[in-house]
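Engineer: My structure is below; once you've seen it, I'll send some questions.
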Amino acid sequence: MAFPSPLSQPRPGTPALVPPAPPAASLPVPASRGRVAPVWLFGILVVLLIALVAYLLTFVGPAASAIGAALALVPFAGVLLAVRIVDRWEPEPRSLLVLAAAWGAIAAVVIALGVDLLLTLVLGPASDPVRESFAAVVQAPIVEELAKGLGVLIVFVVARRAFDGPVDGVVYGALVGAGFAFTENILYFSSSLAGGIPETALTFFLRGIMSPFAHVMFTAVTGYALGRAARQGVAVRGALGPWLAGLAAAAALHAVWNGSAVFADFFAVYATLQVPLFLVFVGGVVLLRREEARLTRTRLSDYAAAGWFTAAEVGMLATGPGRRQAIAWARTLPGDRSPAMRAFIAEATALAAARQRALSGRDPAAAADERVHLTRAVAARAAVLAR
């Protein structure tokens, strides 16, 4: 059976013997270029963070900012847990996850505040109902989604080798949205303190309990559009169209959300429209995860056909229940070999992603990644099965 890869076994279709596990120190390491956040981006974020903290201390106050931040941490932690669950199939590099959340919490907020200040200087303060409605339903959705979407695009540009598909896009977009909501909640919660405990409790209920995933959902749409472009193997220039389409969809959802509070009964629209939309979003994420599992199975089947894995191993590696059962079984082996089994699963999943990038032609370094992850996967399997 033809296998267009330099990794093919001498006799395709014949399972390879499991070699002894090599020392961990001798294993190759995947190239980090294109898979980590550039240091200079964090330098820019640090400068913007200093400016943002100065703004909070000046216009909000130290005590109110601290209380607002403590309250904002509650929904933020819940969102991070949900994103971690979504990202568990093929975890993204930690530096990129931090970059996405930090961009939303710092840069996107600074951009939105700066544009709002500029528009206020040009158009005057929102002192009448028409201007207030325009600011809430048109200005805020466009400005905020553009500021957040820029962060997702930056991750796409600087880390193309880690941006493999729709699930990755949803994860990065969700984290940008979560970071933005965290800082925005600080502003809302601290402002509500002037109304006492009742107003603060109501604000926390509306933003922290009823709508912690609002910004997450909006910006995840932009990430999804970029993820689809990445899966199709398009270059950065070709991804601008999908990015703009994702921004338009995110801004539209944002405008509907804000409009429900300005022009309609918020709670009625929340129950009849926003909750169903959120359920559709959750269902879509589940379907995307299943698509990732099918892709993992397909790409690892290429290696099984070449003799690197057995069909049973592919079935185990490409399903959630199979992975959980394998880890539980490895835990019963002498010395608890569940860490080695987890490493085997992680390397095999990364191998499937590298194979997909190679087939799409968008990553010239994908073939080298294949060699590295195959070597590491085989070594991890040998560690699991060692006598």
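Derivation of every value follows stated rules applied to the coordinates shown; laboratory data play no part. Source: prediction; values computed, not measured. In this analysis, Cβ positions are derived from the backbone assuming ideal geometry, glycine residues included, and neighbour counts consider all displayed protein chains.
Engineer: Based on the Cβ-Cβ distance from Ala245 to Ala386, what FRET efficiency comes out when R0 is 41 Å, to the nearest 0.05?
Structural biologist: My answer for the efficiency is 0.20.
Engineer: Relative to the longest principal axis of the chain, what angle (0 to 90°, nearest 10) does the C-alpha long axis of helix 39-59 take?
Structural biologist: The two axes meet at around 30 degrees.
Engineer: Once the principal axes of the Cα atoms of region 294-385 are found, what is the range along each, listed largest first in whole angstroms?
Structural biologist: Principal axes ranked by extent give 42, 22, 20 Å for the Cα atoms.
Engineer: Counting just the Cα atoms, what span does region 39-263 cover along each of its three principal axes? Round to the nearest Å and put the largest first.
Structural biologist: So the three principal-axis extents are 51, 34, 32 Å.
Engineer: Further question on the same structure: Between Pro212, Pro334, Pro93, find the one with the highest GNM mean-square fluctuation for the chain; connect C-alpha pairs within less than 10 Å.
Structural biologist: Judging by the Gaussian network model, the answer is Pro334.
Engineer: Can I ask one more? Normalised by the empirical 2.2 N^0.38 Å for globular proteins, what value does the Cα Rg of the chain take?
Structural biologist: Ratio of Rg to 2.2 N^0.38 Å for the chain: 1.12.
Engineer: Here is a follow-up. Give me the percent relative contact order of region 202-263, please, defined on Cα pairs under 8 angstrom at least 6 residues apart.
Structural biologist: Once normalised by length, the contact order is 38 percent.
Engineer: Oh, and also: Taking 0.36 nm per residue of separation and subtracting the Cα-Cα distance, what length does fully extending Ser26 through Val138 add?
Structural biologist: 34.6 nm
Engineer: Given the convex hull over the Cα atoms of region 101-180, what projected area results after averaging over all orientations, in nm²?
Structural biologist: Quarter of the Cα hull surface area: 5.6 nm².
Engineer: Could I have the simple spin-label model distance between Arg342 and Thr120, label points 7 Å from Cα toward Cβ, reported in nm to one decimal?
Structural biologist: 4.8
Engineer: Zone of Ala367 (label point 7 Å along Cα→Cβ, backbone N under 19 Å): which residues in region 305-323?
Structural biologist: Within reach of a label on Ala367, which here means backbone N under 19 Å from a point 7 Å along Cα→Cβ, region 305-323 contributes 306.
Engineer: Give me the percent relative contact order of region 294-385, please, defined on Cα pairs under 8 angstrom at least 6 residues apart.
Structural biologist: Reported as a whole number, the value is 27 percent.
Engineer: A follow-up question, please. So for Trp329, Trp243, Trp103, fewest C-beta neighbours within 10 Å to most, what's the order?
Structural biologist: Arranged by neighbour count, lowest to highest, Trp329, Trp243, Trp103 become Trp329, Trp243, Trp103.
Engineer: Could you give the length gained by full extension between Val256 and Thr272, i.e. 0.36 nm per residue of separation minus their alpha carbon distance, to one decimal place?
Structural biologist: Taking 0.36 nm per residue and subtracting the Cα distance, the gain is 4.5 nm.
Engineer: Shifting gears a bit: What's the angle, to the nearest 10 degrees (0 to 90), between helix 275-305's Cα axis and the longest principal axis of the chain?
Structural biologist: Roughly 20 degrees, rounded to the nearest 10.
Engineer: Label 7 Å along Cα→Cβ of Phe205; region 272-289 residues with amide nitrogen under 13 Å?
Structural biologist: Zone members listed by number: none at all.
Engineer: Given the options Phe205, Phe278, Phe59, which has the most mean-square fluctuation in a GNM of the chain, springs set between C-alpha atoms less than 10 angstrom apart?
Structural biologist: Result: Phe59 has the largest fluctuation of those listed.
Engineer: Please arrange Val282, Val234, Val176, Val39 by how many other C-beta atoms lie within 10 Å of their C-beta, fewest to most.
Structural biologist: Ordered by Cβ neighbours within 10 Å, fewest first: Val39, Val282, Val234, Val176.
Engineer: Here's a follow-up. Using alpha carbon coordinates only, what is the Rg to Rh ratio of region 131-220, with Rh defined as the Kirkwood radius?
Structural biologist: 1.07
Engineer: Cα axis of helix 140-158 to longest principal axis of the chain: angle in degrees, 0 to 90, nearest 10?
Structural biologist: Between the helix axis and the principal axis of the chain, the angle is about 30 degrees.
Engineer: Return the single residue from Thr219, Thr120, Thr375 with maximal mean-square fluctuation; model: Gaussian network over the chain, springs between Cα atoms under 10 Å.
Structural biologist: Thr120
Engineer: So what is the relative contact order for region 39-263, in percent, with contacts set as C-alpha pairs under 8 Å and at least six apart?
Structural biologist: Computed over region 39-263, the figure is 29 percent.
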